[in-house]
Amino acid sequence: LSDSHLRAQGMNSSNEIRLRLRFYKDVAENADVLRQKFAHQTTIKNPDYFLKIRGYHIWFNIKGAKKTYYSPHLHIELEPKGESETHIRGLFGPDPTLWTFFMFLHFIVAGLFLIFGGIAYSNYVLKNPYQSNLVVMGLMVVIWVLLYFIAKQIRYSGNDQMNELEQLFEEIIAS
């Protein structure tokens with residue numbers, strides 16, 4: 001498929017980092033037929049990828065030697081639009097363990113920011129020194145920004161594997 005056709009379908013096949021990791025695609029095939037194509041792929045032993053299917057939800061994961069901490073996964077949902085058409089919703093995401101770890105770090109940073117903000121306000125009202133609390137709050141903001149850039153770097157590192165998952169997805173649909 002051409003790059004302009006993929007863009008019209010909501011996907012971008014270039015090697016640029018995607019800002020939106022979602023895509024939508026309409027396929028002129030029955031959802032059950034498409035599901036069978038993906039089910040058939042699960043019977044093929046591939047050392048690099050595996051698929052998991054639950055109803056009309058399909059997950060593509062990287063496994064084996066190719067799997068790293070930044071390896072993405074692809075979740076697609078098949079939505080029947082009629083007897084001979086299917087709407088596909090796709091979402092690329094980070095490894096669930098990594099995502100949980102990042103969310104944990106964000107909650108810790110936010111909690112510390114709020115706690116030290118409350119302590120700084122109390123000290124201000126009581127006319128006690130509060131500058132050290134403001135320093136900790138500033139440090140939490142720096143950590144938030146650092147976490148953002150780390151997440152962008154992880155997404156960038158996984159971009160090639162994201163393209164591989166997209167290519168595998170396209171090959172299965174075309175089969």
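Structure above, values below:
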read-out	value
Verdict on GLY117 being small (Gly, Ala, Ser), within 30 Å of LYS25 (Cα to Cα) and either surrounded by 12 or more Cβ atoms within 10 Å (Cβ to Cβ) or in contact with a helix residue (DSSP H, G or I) (Cβ under 7 Å, 6 or more places away or on another chain) (or both)	no
Lone qualifier among GLY111, GLY82, GLY64 - being more than 15 Å from the chain's Cα centre (by Cα), surrounded by fewer than 17 Cβ atoms within 10 Å (Cβ to Cβ), modelled with pLDDT of 90 or more and not aliphatic (A, V, I, L, M)	GLY111
Every residue from segment 137-160 that is open to solvent by less than 40 Å² (accessible area, probe 1.4 Å) and either on the phi > 0 side of the Ramachandran plot or at pLDDT 90 or above (or both)	MET137, GLY138, MET140, LEU147
Selected residue [within 14 Å of the chain's Cα centre (by Cα) and farther than 30 Å from LEU34 by Cα] from MET103, MET140	MET103
In segment 127-136, the residues that are outside any loop (DSSP other than H, G, I, E, B) and either surrounded by 14 or more Cβ atoms within 10 Å (Cβ to Cβ) or of a type outside the set (Gly, Ala, Ser) (or both)	GLN131, ASN133, LEU134, VAL135, VAL136
For TRP59: the one exception among (1) at pLDDT 90 or above; (2) more than 29 Å from LEU98 (Cα to Cα)	(2)
PHE23 at pLDDT below 90, open to solvent by less than 50 Å² (accessible area, probe 1.4 Å) and part of a strand (DSSP E or B)	yes
Residue pairs meeting the criteria (Cβ under 7 Å; at least 6 apart or on separate chains; first touching a residue at least 40 places away in the same chain (Cβ under 8 Å), in segment 96-115; second open to solvent by 60 Å² or more (accessible area, probe 1.4 Å))	LEU98/TYR69
Qualifying positions in segment 49-61 - farther than 10 Å from PHE38 by Cβ, of a type outside the set (S, T, N, Q), open to solvent by less than 50 Å² (accessible area, probe 1.4 Å) and assigned to a strand (DSSP E or B)	TYR49
Selection count, segment 89-108, where residues are of a type outside the set (Phe, Trp, Tyr), surrounded by 13 or more Cβ atoms within 10 Å (Cβ to Cβ) and either out of contact with any Ser or Thr (no Cβ under 8 Å at 6 or more places or on another chain) or assigned to a helix (DSSP H, G or I) (or both)	8
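The values are calculated or read from the model by the stated rules, or taken from the named source; none is laboratory data. Note that the coordinates shown come from a computational prediction; the quantities given were computed from them, not determined experimentally. Backbone-built Cβ (ideal geometry, glycine too); neighbour counts: all protein chains shown. Just so you know, the surface numbers come from the protein's heavy atoms only, side chains and all, with ligands and any DNA or RNA stripped out. Shrake-Rupley method; radii C 1.70, N 1.55, O 1.52, S 1.80 Å.
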